[in-house]
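A short worksheet on the structure shown next.
Each value in this text was obtained by applying a stated rule to the coordinates, not by laboratory testing. Remember, predicted model here, so these are calculated numbers, not experimental data.
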Amino acid sequence: MKANLIASRYECSRCKKNMRLQKRKGTVDGYEWRCRNQSKDNRHDVVRSERKGTWFSKSKLAITIILLLTRYWFGKSMNAFVVNDLKVNKNMRQS
């Protein structure tokens, strides 16, 4: 958040209050934005990816790998070095 790679806050589309960034197993980075309201008049559970609106929102890679790739890209590292150092290839799937 400090580097502005992901939003520091999101507003819930249903109640217009700030959503909370919560830990969540099963997501690529382990977090999601969530607004859960149990009131009778506006009951809702809105979930949003922490990556929504970022240039890497469609990536399946972990954010740590994305940051390293970005560093190497701007540092103009040689492709073979990057592939070897990060242990990635075109068929790789991150869990």
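Measuring against 23 Å, Cα to Cα, the residue pairs Lys17/Lys60; Lys23/Lys52; Lys16/Lys52 contain Lys17/Lys60 as the ones spanning a longer distance.
Across all C-alpha atoms in segment 1-76, the radius of gyration and Dmax reach 14.9, 56 Å.
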